[in-house]
Amino acid sequence: MSELPDGVERRQFDGESRLATQGEPVYGEPTDGEWRAWDARRSKLGAMLETGMDTGLAGGETVLYLGAAAGTTVSHVADFAGPTYAVEFAPRPTRDLLDAAEPRDRLFPLLKDARKPETYAHVVEPVDVIVQDVATRGQAAVANANAQFLDGEGRLLAAIKARSEDVVADPSEVFERELATLREAYEVLETRRLEPFHDSHLGVVARPK
Ligand code: SAM
């Protein structure tokens with residue numbers, strides 16, 4: 001099992017050992033007033049940590065998060081990381097994302113399309129980590145378009161949802177196709193299926209070429 005980043009711990013909630021970060025609750029997760037449970041069934045990055053993937057996260061990194069939705073996962077990231085830019089293009093979840101950012105001075109929501117990095121390149125500094133969970137067609141292409149933000153030692157931590165690419169194809173075939181596209185811009189270091197937390201999702205750790 002890989003080490004957890006600083007600022008992420010295993011804590012007991014209702015007699016169960018759960019990942020947890022320190023911060024204000026966001027999505028009704030259990031909290032002891034200081035630490036709040038990080039639900040891996042609602043978070044692909046949480047599932048990558050739970051399944052022991054070597055994310056390379058140490059805590060304190062600068063992060064570009066693509067597909068932030070209402071802030072479930074990115075709020076945990078901002079609890080242990082440094083400046084965290086959260087890109088989401090749908091206005092409705094962005095309202096909840098703004099609420100999650102309110103008590104977090106390191107979380108910066110951006111109502112932008114992750115397929116158009118040129119629209120936020122003037123705001124986002126070079127980052128140590130890209131976390132991607134856009135669950136939309138062309139997931140690898142989105143990661144490739146954003147590789148420019150990573151420095152040479154940086155990491156891409158991506159979740160690929162098979163059904164977002166093709167609802168009928170065998171997930172393994174979809175993953176191979178997406179990985180082939182990813183390899184245009186990245187060296188893939190590790191892949192792992194995210195069951196039992198998320199069906200037909202692949203976790204990917206990669207670094208820019
Ligand atoms: N990562 C979130 C979490 O764990 O809390 C869940 C993300 S949800 C599976 C995928 C999100 O990606 C949706 O909110 C969707 O609107 C967003 N999304 C999809 N394509 C996008 C794009 N091109 N630019 C920005 N956001 C996008």
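Distance in nm between label sites at Leu189 and Glu9, each 7 Å beyond Cα in the beta-carbon direction?
Using points 7 Å along Cα→Cβ, the separation is 2.6 nm.
Cross-link partners among aspartates and glutamates for Lys116, C-alpha distance below 13 Å, same-chain residues fewer than 8 apart left out?
Those aspartates and glutamates meeting the cut-off are Glu88.
Once you place label points 7 Å from the Cα toward the Cβ at Glu24 and Thr119, how far apart are they in nm?
That separation, rounded to one decimal, is 2.7 nm.
Considering only DSSP beta bridges with both partners in the chain, what is the antiparallel share in %, to the nearest 5?
Bridges in the chain are about 55 percent antiparallel.
Stokes-Einstein D for region 40-208 at 25 °C, 0.890 mPa s, Kirkwood Rh over Cα pairs, in µm²/s? Intermediate values should be presented prior to the final figure.
Values: Rh = 15.7 Å.
It diffuses with D of about 157 µm²/s by this estimate.
Using a probe of 1.4 angstrom, how much of the accessible area of region 40-208 is carbon and sulfur, in percent? Kindly include the intermediate steps, with their values, before the conclusion.
On the way: 3390 of 7200 Å².
Roughly 47 percent, rounded to a whole number.
Could you check the simple spin-label distance between Arg163 and Arg177, using points 7 Å along Cα→Cβ, in nm with one decimal?
Taking the simple label geometry, Arg163 and Arg177 are separated by 1.7 nm.
If a helix is a whole DSSP H run, which ones in the chain reach 30 Å or further along their own axis (Cα) and hold a mean Kyte-Doolittle hydropathy of at least 1.0?
Details: long enough: none.
Membrane-span-like by this rule: not one helix.
Lys209 to Ala90: FRET efficiency via 1/(1 + (r/R0)^6), r the Cβ-Cβ distance, R0 41 Å, to the nearest 0.05?
That pair, Lys209 with Ala90, gives E of 0.85.
The values are calculated or read from the model by the stated rules, or taken from the named source; none is laboratory data. This one's a predicted model, so the numbers in the text were calculated from it and none came from an experiment. Cβ sites come from the backbone with ideal geometry, for glycine too, and all protein chains shown count toward neighbours. Note: accessible area is taken over every heavy atom of the protein model, side chains too, but ligands, DNA and RNA are not part of it. Shrake-Rupley method; radii C 1.70, N 1.55, O 1.52, S 1.80 Å.
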